[in-house]
Amino acid sequence: NAGVMQNPRHLVRRRGQEARLRCSPMKGHSHVYWYRQLPEEGLKFMVYLQKENIIDESGMPKERFSAEFPKEGPSILRIQQVVRGDSAAYFCASSPPGQGGNTEAFFGQGTRLTVV
Amino acid sequence: QKEVEQDPGPLSVPEGAIVSLNCTYSNSAFQYFMWYRQYSRKGPELLMYTYSSGNKEDGRFTAQVDKSSKYISLFIRDSQPSDSATYLCAMRKGAQKLVFGQGTRLTINP
């Protein structure tokens with residue numbers, strides 16, 4: 001059973017371009033979370049999705065950022081018109097459906113975005 | 001005030017020492033408590049997962065949760081150089097987002 005797969009592992013974009021980050025959850029997992037990690041900092045929650053639904057996007061910047069988790073295919077985190085401050089490691093985590101949230105979340109290896 | 005506070009260290013100890021890592025939190029609604037280990041330029045790896053108060057042991061690792069004090073700990077016995085990493089505490093209520101501490105950078109010296 002493959003773990004959480006993220007691609008690309010490294011992404012370089014010029015200011016103003018779009019960045020698309022992909023996350024394939026573990027088999028059987030229907031919950032996906034995106035987190036951002038700045039250097040020397042902990043992970044900050046961005047968005048929580050289930051298939052075709054955004055459950056909690058309280059950590060997402062109001063502009064330029066969007067996320068989806070379609071019925072088929074990976075979850076996508078999209079950043080439009082990237083700026084240097086978007087440079088960070090973006091991690092995806094997945095967890096299986098569970099009652100009351102008593103399920104563990106497993107992380108991918110992350111996508112390191114560099115904006116030049 | 002941050003929801004979860006964790007001393008960022010760095011913490012450096014000799015091989016074989018007992019390591020104690022701690023986090024405090026302010027939200028009494030948190031029910032699930034986790035410790036992740038993160039090696040440089042890698043994703044967080046789940047080490048320990050605890051529900052509510054109490055102790056949990058797994059090999060050389062022991063996690064403690066004291067909800068009355070809003071305090072959690074991770075103990076590493078017989079520490080090894082391979083334990084050198086950043087340790088992140090995390091917690092949540094229900095199936096909601098994880099709230100992470102800043103992470104403690106740990107070095108075990110041979």
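In a Debye calculation with equal point scatterers on the alpha-carbon sites of the protein assembly as shown and no solvent, what is log10 I(q)/I(0) at q = 0.14, 0.17 Å⁻¹? Treating every Cα as an identical point scatterer, log10 I(q)/I(0) equals -0.88, -1.24. Only lysines eight or more places from B:LYS67 in sequence, or on another chain, were considered; those with a Cα closer than 22 Å are B:LYS2, B:LYS56, B:LYS93, B:LYS97. Each residue, A:LEU38 and A:ARG14, gets one label point 7 Å from its Cα in the Cβ direction; the gap between the two is 2.7 nm. One decimal place: the segment A:SER30-A:ARG64 gains 9.7 nm when fully extended, by the rule 0.36 nm per residue minus the C-alpha distance.
Segment B:ARG60..B:ILE18, full-extension length gain: 14.2 nm, with 0.36 nm per residue of separation and the alpha-carbon distance subtracted.
Straightening the chain between B:LYS67 and B:LYS2 buys 21.7 nm, computed as 0.36 nm per residue apart minus the Cα-Cα spacing. Calculated translational diffusion coefficient of the range B:17-110 (37 °C, 0.692 mPa s; Stokes-Einstein with Kirkwood radius over alpha-carbon pairs) equals 244 µm²/s. Loop-located GluC sites (Glu not before Pro) in the range A:32-63 (DSSP state other than H, G, I, E, B) with a sparse environment of at most 12 neighbouring Cβ atoms within 10 Å: A:GLU40, A:GLU52, A:GLU63. Relative to its Kirkwood radius, the Cα radius of gyration of the range A:8-116 gives an Rg/Rh of 0.96.
Take the Cα of A:ILE76, step 7 Å toward its Cβ, do the same at B:LEU46, and the gap between the two points is 2.8 nm.
Since every read-out is calculated from the coordinates, none of them should be taken as a lab result. Predicted, not measured: the structure shown is a model, and the values here were computed from it. FYI the Cβ positions are ideal-geometry reconstructions off the backbone, even for glycines, and counts take in every protein chain you see.
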